[in-house]
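Note sheet for the following structure.
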Amino acid sequence: MRIAEKVVNTIADNHHMSVETTLCSRFRTPKSDCSFCIDVCPVNAIKISDEGAEIKEGCIDCGVCYSACPNGALRIKGRDDRKIIEEIRSEVTGQKSEIFRISCEHGDRTADLVVPCLSRLTEALLLEAARAASVKILRPPCQGCPSAKASSHLDRIIQSTSCLYEMMDIRDALHVTHCTFSPIESRTQNSEPEILSRRELFMSFSVKAAGIASASIPDIGQKNKESGEIFREAIQNRHENLKRSILLKSIGNVISNPDSRAVEPVNVPSENAILSDVEIASGCMGCGVCAKLCPTGAITQCWTEDRFRLSFSARLCTNCRICVKTCLYNAVKTKDTVSLNLLLEQKEVVLFEANRNVCAVCKIDFTGDGSDLCPLCMNRHKKQTKMIQKLFK
Amino acid sequence: MSELNPIIPQEVIEESFKKPGPKQYTLWVDLEYCIGCHSCSMGCKAENNTPVGVDYNRVIEIEEGEFRDPKKPPEMRVYFVPMPCMHCGRPACMAACPVGAITKRKEDGIVLINKDKCIGCRYCAWACPYGAPQFNAEAKVMEKCTLCVHRVEKGLQPACVTTCVAKTRFFGELNILTDYINRQKAAKRASIGAGDTQPSVLYTK
């Protein structure tokens with residue numbers, strides 16, 4: 001059955017990971033150079049194009065890309081964060097130990113939580129684990145591991161999680177201990193070639209492929225969505241950044257716990273932070289590109305009768321910097337340091353507000369005072385005349 | 001077609017269409033004979049069915065000279081400059097577009113806006129030194145001269161070329177046209193270069 005299973009898996013398996021394309025920064029703008037998922041994928045099974053990230057053949061379902069993607073564009077179909085949180089909770093209630101041990105499949109497989117790769121961990125998981133006990137990560141040396149490429153991501157998670165711990169005043173709760181590397185025994189050992197009837201082969205197909213046909217139909221629809229008319233609409237229907245929602249929920253759970261201590265202010269450099277504090281410098285023309293292209297809906301624009309407003313909710317910001325990279329007027333900036341406490345802020349901040357005007361020539365909404373013409377229409381004639389005069393010199 | 005175009009030989013146009021591989025279709029405007037009749041603009045409007053306020057092809061008038069001496073006749077001249085999209089070698093609009101809606105086709109060098117992708121932010125209009133991208137207020141997208149790509153693909157010349165009454169506007173491949181112009185009127189090339197966008201449309205005066 002082994003060979004047949006392999007064949008069936010290769011043909012029928014439509015990946016355990018899925019991509020919510022509209023959340024992917026690379027889909028939303030070619031100006032983004034985000035490559036978190038391909039940088040960590042241990043089997044190079046992710047392809048990035050203008051159509052966003054795409055899972056190719058060879059995905060091993062380790063889920064590291066889910067952990068790496070700040071926008072939550074990559075999703076796990078099976079054992080996702082919510083399932084693991086349930087596992088953690090049942091484990092924590094079952095035992096009275098002071099230490100919650102986490103390991104990967106190559107480390108200590110008797111740990112309280114075993115994940116395929118330690119880089120699969122997310123801030124939310126580590127927060128959940130720290131609610132009841134102090135967390136101990138059993139880390140085998142990554143050099144010999146087939147997933148060694150993903151190891152750099154673990155340091156990033158530990159770094160950002162310890163900042164979150166600091167904010168919630170969970171002291172001394174995260175330890176990393178080294179343990180020995182134990183290769184997973186290959187299941188192919190001691191197996192004999194086996195005779196399989198044709199009926200059995202096709203039966204195994206039908207078992208594996210059940211439901212796949214129906215599941216693949218919306219995928220075909222998705223392919224059409226990516227090109228043409230729907231791009232404009234696709235960037236408007238925002239999908240929830242599940243990863244961030246789970247993290248915010250976990251933070252909320254920790255804080256609402258009666259034993260927890262007061263929240264402390266923590267500032268981190270915004271370079272590798274999980275969020276950024278966006279501000280609008282002078283020069284904003286109200287084009288709304290930052291709001292249109294923001295993958296998670298952290299920046300929103302609003303045109304009222306006579307005002308234009310840009311609002312920002314930092315708890316949704318994933319520090320993807322699309323707004324900074326796409327602004328033609330370099331008006332969007334991020335502050336050098338960001339306060340993690342902004343994650344707890346429910347209210348939106350008004351980034352920019354100005355009077356609304358309608359251009360008499362091109363009928364576009366624009367911001368500014370005392371002019372009937374938008375700056376573009378005002379400059380157009382001057383710009384052209386200046387250039388054409390060169391023709392005759 | 002040759003009756004429409006007595007100045008440029010039909011062979012040049014045919015050679016342009018037949019040239020294999022990556023090429024750059026473009027226009028040649030001889031400013032010396034342009035009378036500012038706007039028939040290229042009208043032909044373009046009719047062909048592309050553009051709404052009011054959206055002009056793929058504009059004719060700009062430049063007055064030169066002034067009435068210096070009331071006793072002498074004035075030294076005045078009016079130039080007419082038809083301005084289509086320059087289908088630049090390095091399009092500034094393409095670099096500015098935040099969503100990658102503008103592409104330059106490799107096979108014929110035509111710069112096109114994908115209206116389905118365009119979000120109407122007008123960054124291309126800010127970036128273009130020639131004012132080619134036009135905002136369609138109804139559809140809330142940008143539009144611009146396509147070099148009549150639907151005609152060119154069928155082996156026809158752009159509408160503005162066929163409607164030009166003064167026979168001052170020609171279609172062809174950039175290198176073939178440049179060679180032809182250099183043989184005809186070598187000293188009179190006019191450069192419209194602004195920045196380093198490498199505009200492909202050729203002007204002579």
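The values are calculated or read from the model by the stated rules, or taken from the named source; none is laboratory data. All of these numbers come straight from a predicted model, not from anything done at the bench. Methodologically, a virtual Cβ is constructed for each residue, glycine included, from the backbone with ideal geometry; neighbour enumeration extends over all protein chains shown.
Need at least 3 residues that are within 10 Å of another protein chain (Cβ to nearest Cβ), touching a residue at least 12 places away in the same chain (Cβ under 8 Å) and of a type in the set (A, V, I, L, M) per element, so show me which strands (runs of 3 or more DSSP E) inside region B:107-192 make the cut, counting only ones lying wholly within it. Working first, answer last.
Numbers: elements: B:111-113, B:134-136, B:141-143, B:169-173.
Counting at least 3 such residues, we get no strands (runs of 3 or more DSSP E) at all.
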task = Could you please find all residues in region A:243-262 being closer than 30 Å to residue A:79 by Cβ and not in a helix (DSSP H, G or I)?
result = A:257, A:259, A:260
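Assigned to a helix (DSSP H, G or I) and at pLDDT 90 or above: does that describe residue A:150? Show your work before the answer.
Working: assigned to a helix (DSSP H, G or I): yes; at pLDDT 90 or above: no.
Taking the combined requirement at face value, the residue does not satisfy it.
Based on this model, can you work out whether residue A:38 counts as among the aliphatic types (A, V, I, L, M), in contact with a strand residue (DSSP E or B) (Cβ under 7 Å, 6 or more places away or on another chain) and in contact (Cβ under 8 Å) with a residue 60 or more places away in the chain?
Working: among the aliphatic types (A, V, I, L, M): yes; in contact with a strand residue (DSSP E or B) (Cβ under 7 Å, 6 or more places away or on another chain): yes; in contact (Cβ under 8 Å) with a residue 60 or more places away in the chain: no.
For residue A:38, the condition - among the aliphatic types (A, V, I, L, M), in contact with a strand residue (DSSP E or B) (Cβ under 7 Å, 6 or more places away or on another chain) and in contact (Cβ under 8 Å) with a residue 60 or more places away in the chain - is not met.
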message = out of contact with any helix residue (DSSP H, G or I) (no Cβ under 7 Å at 6 or more places or on another chain), modelled with pLDDT of 70 or more, more than 25 Å from residue A:76 (Cα to Cα) and of a type outside the set (A, V, I, L, M): is that true of residue A:202 in this structure?
response = yes
ask   = Of all residues in region A:274-303 being within 23 Å of the chain's Cα centre (by Cα) and surrounded by fewer than 17 Cβ atoms within 10 Å (Cβ to Cβ), which is farthest from the other protein chains (Cβ to nearest Cβ)?
value = A:279
key: residue A:265, sole failed condition from (1) surrounded by fewer than 17 Cβ atoms within 10 Å (Cβ to Cβ); (2) assigned to a strand (DSSP E or B)   = (2)
query = With A:336, A:372, A:306 as the choices, which residue is at pLDDT 90 or above, surrounded by fewer than 20 Cβ atoms within 10 Å (Cβ to Cβ) and acidic (Asp, Glu)?
reply = A:336
message = Is it the case, given these coordinates, that residue A:344 is surrounded by 13 or more Cβ atoms within 10 Å (Cβ to Cβ) and within 12 Å of chain B (Cβ to nearest Cβ)?
response = no
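Restricting attention to region B:72-104, and to residues there that are part of a strand (DSSP E or B), within 13 Å of chain A (Cβ to nearest Cβ) and of a type outside the set (Val, Ile, Thr), which single residue is surrounded by the fewest Cβ atoms within 10 Å (Cβ to Cβ)? Don't jump to the end; show me each part of the working.
We begin by selecting, within region B:72-104, every residue part of a strand (DSSP E or B); these are B:77-83, B:102-104.
If we keep only those that are within 13 Å of chain A (Cβ to nearest Cβ) too, we end up with B:77-83, B:102-103.
Remaining after also requiring of a type outside the set (Val, Ile, Thr): B:77, B:79-80, B:82-83.
On the way: B:77: 10, B:79: 18, B:80: 18, B:82: 23, B:83: 23.
Among those residues, the one meeting the criterion is B:77.
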key: Top-ranked residue of region A:359-384 - restricted to ones that are more than 44 Å from the chain's Cα centre (by Cα) and more than 7 Å from chain B (Cβ to nearest Cβ), ranked as farthest from residue B:135 (Cα to Cα)   = A:382
ask   = Does residue A:347 count as of a type in the set (Lys, Arg) and in a helix (DSSP H, G or I)?
value = no
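Yes/no per residue for (1) part of a helix (DSSP H, G or I); (2) acidic (Asp, Glu); (3) touching a strand residue (DSSP E or B) at 6+ places or on another chain (Cβ under 7 Å):
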{"residue": "A:136", "(1), (2), (3)": "no, no, yes"}
{"residue": "A:155", "(1), (2), (3)": "yes, yes, no"}
{"residue": "A:162", "(1), (2), (3)": "yes, no, yes"}
{"residue": "A:169", "(1), (2), (3)": "no, yes, no"}
{"residue": "A:175", "(1), (2), (3)": "no, no, yes"}
inquiry  = Quick test of your reading of the structure: residue A:356 fulfils all but one of (1) at the interface with another protein chain (Cβ under 9 Å from one of its Cβ atoms); (2) over 18 Å from residue B:125 (Cβ atoms). Name the failing condition by number.
reply    = (1)
